[in-house]
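Below is one structure, written out as C-alpha cells; comments come after it.
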Amino acid sequence: MNIAGAVLGRLIKAVLTLLAIAVLNFFLIHAAPGDPAAVLAGEAGAADEQMIADLRAQFGLDQPFYIQLWTYVRNVLTLDLGYSFRQGAPVLELILDRLPATLILTMSAFGISLTCGIMLGVAASARVGKLADSLLTGFALIFYATPLYWAALMAVLVFSVQLGWLPGFGYETVGADYSGFQRVGDILAHLVLPALTLGLFFMAVYMRMTRASMLEVAQQDFVKTARAKGLSPAVIRRRHILRNALLPVVTLAGLQAGQLIGGAVLTETVFAWPGIGRLMFESLAARDYNTILGVFLVSAAMVILFNIVTDIVYRLIDPRIRHSA
C-alpha cells in the first residue's frame, strides 16, 4: 500500500474516532457535578429559580439528555462547537484565537526535546561507560523525575525574577506595540522558558531511548559486516546505526506528542501563556461545558494528527513497512 492510500485510510478512521471521543466526552462532562446556569446566575447576583430556568432554556440545558447529545453530535459534524455562555462568543472562534499560541509552544517544545534528545543520546552511546555518558544519563534521570509544575515555577523564579534574563509570563510584552521582527523577537523571548520547561521531560525520555537503541543496533550483524568492510566509525554510526535506531524513537515521539497537549495545560497556566490549555483550565472553573468539550475535541484531533504524521515519517524512515503494508 502506498503512502497516499495509507493516509486516506487513517483519515477515515480518524473521523470515526473523533466522533466516538465527542460522544464519550459529552457523557463524562454532563456526569460531572455542577450546573452552569446556576454558576451564571450566581455571578449575575440573581440566583433565583426563575433566572436559572431561563438560562437553562436559553442554552438548551432543559432538553432531555438524548436531544442534547444528538444536537451536539450534529453540530460537531458541521464544525459548530457551540456557544460559550461564559465568554459570550462561539467556541470555535475562542479556540482558533488561542490555538496558534498552543501550537507554537508545543511544536517548539517537541522540536527542542526530540532534536536535543537524539543528539545527546547519540553522544552518550558513543562514549558509553565514560564520564560523559554518566553525566548525560544522570542529567536525563533528573529531568525525567522533576515534576513539570515545579520546573516551571523554578524557571520563573531563577531566570525571570532573580536573574531577569527572560520574561516569565505572557505571550508578548503588554502595551509595547511591537511589529515585524521586533514583535517576533519579543514572542520568542517569552517562549523560551515555557518551551524549555515543557521539553525537558521529553528530552530526557528521547535521550535515554536513543542511547539504548543505538547500543542495541550496534550489536547487530549488519553493523559488524559494515565494520568488516572497513567503513569508518562515523559513517557506520550515521548511515547504519542511527537510521535503524531512530525507528523506536520516532514511534515513541509520535505517541508522546499528544502528551505535550496535556503538559501544556500546566505550562500555560504557570507562564500565563494564552493557549487552549489555559482556556480549558479557565472553562473548568466556570462550568463552561461547550468550551471544555470543544477544547477536548480539538486536542484529540491534534493527537490523532500527530499519530498520522508519525506513521508517514515511520514509512519514510523504514522502506520495509511500505513494501509489507
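Before moving on, here are some points about what is shown:
- Within the range 79-102, being open to solvent by 60 Å² or more (accessible area, probe 1.4 Å) and under 18 Å from the mean Cα position of the chain (by Cα) holds for Leu96, Asp97, Pro100.
- No other residue among Ala253, Ala234 is within 14 Å of the chain's Cα centre (by Cα) and either modelled with pLDDT of 75 or more or in a helix (DSSP H, G or I) (or both) apart from Ala253.
- Applying the set (1) under 24 Å from the mean Cα position of the chain (by Cα); (2) within 22 Å of Val295 (Cα to Cα); (3) not in a helix (DSSP H, G or I) to Pro167 leaves exactly one unmet item: (2).
- Members of the range 145-186 that are within 18 Å of Thr106 (Cα to Cα), surrounded by fewer than 17 Cβ atoms within 10 Å (Cβ to Cβ) and among the aliphatic types (A, V, I, L, M): Val184
- Every residue from the range 187-226 that is of a type in the set (S, T, N, Q), open to solvent by less than 60 Å² (accessible area, probe 1.4 Å) and over 23 Å from Met154 (Cα atoms): Thr210, Ser213
- Test for Leu99: is it under 28 Å from Val205 (Cα atoms), touching a helix residue (DSSP H, G or I) at 6+ places or on another chain (Cβ under 9 Å), assigned to a helix (DSSP H, G or I) and not small (Gly, Ala, Ser): yes
- If you filter the range 129-144 down to residues that are open to solvent by less than 80 Å² (accessible area, probe 1.4 Å) and more than 8 Å from Ala204 (Cα to Cα), you find that the one that is modelled with the lowest pLDDT is Gly129.
- Flag for Leu266 being at pLDDT 75 or above, open to solvent by less than 60 Å² (accessible area, probe 1.4 Å) and either touching an Asp or Glu at 6+ places or on another chain (Cβ under 7 Å) or hydrophobic (A, V, I, L, M, F, W, C) (or both): no
- Selection within the range 103-119: residues that are β-branched (Val, Ile, Thr) and within 22 Å of Thr269 (Cβ to Cβ). The member of this set that is farthest from the chain's Cα centre (by Cα) is Ile112.
Each row is one residue, and each column tells you yes or no for (1) free of Cβ contacts under 8 Å to residues at least 12 places away in the same chain; (2) small (Gly, Ala, Ser); (3) within 23 Å of Trp150 (Cβ to Cβ); (4) not in a helix (DSSP H, G or I).
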residue	(1), (2), (3), (4)
Ala176	yes, yes, no, yes
Phe181	yes, no, no, no
Val184	yes, no, no, no
Val192	no, no, yes, no
Thr210	no, no, no, no
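- Filter result for Leu61 (within 16 Å of Leu293 (Cα to Cα), surrounded by fewer than 15 Cβ atoms within 10 Å (Cβ to Cβ), of a type in the set (A, V, I, L, M, F, W, C) and modelled with pLDDT of 65 or more): no
- Meets criteria (touching a residue at least 40 places away in the same chain (Cβ under 8 Å), open to solvent by less than 10 Å² (accessible area, probe 1.4 Å), within 22 Å of Leu215 (Cα to Cα) and of a type outside the set (S, T, N, Q)) for Ala257: no
- Inter-residue pairs, beta-carbon under 7 Å, first of a type in the set (Ser, Thr, Tyr) and in the range 111-134, second surrounded by fewer than 19 Cβ atoms within 10 Å (Cβ to Cβ) and in a helix (DSSP H, G or I), 6+ apart: Ser125/Leu215
The values are calculated or read from the model by the stated rules, or taken from the named source; none is laboratory data. As the structure is a prediction and not an experimental result, all values here were calculated from the model. Ideal geometry is used to build each Cβ from the backbone, glycine not excepted, and the neighbour counts take in all protein chains shown. The protein model used for the area step is the full one, side chains on, heavy atoms only, and it has no ligands, DNA or RNA in it. Shrake-Rupley method; radii C 1.70, N 1.55, O 1.52, S 1.80 Å.
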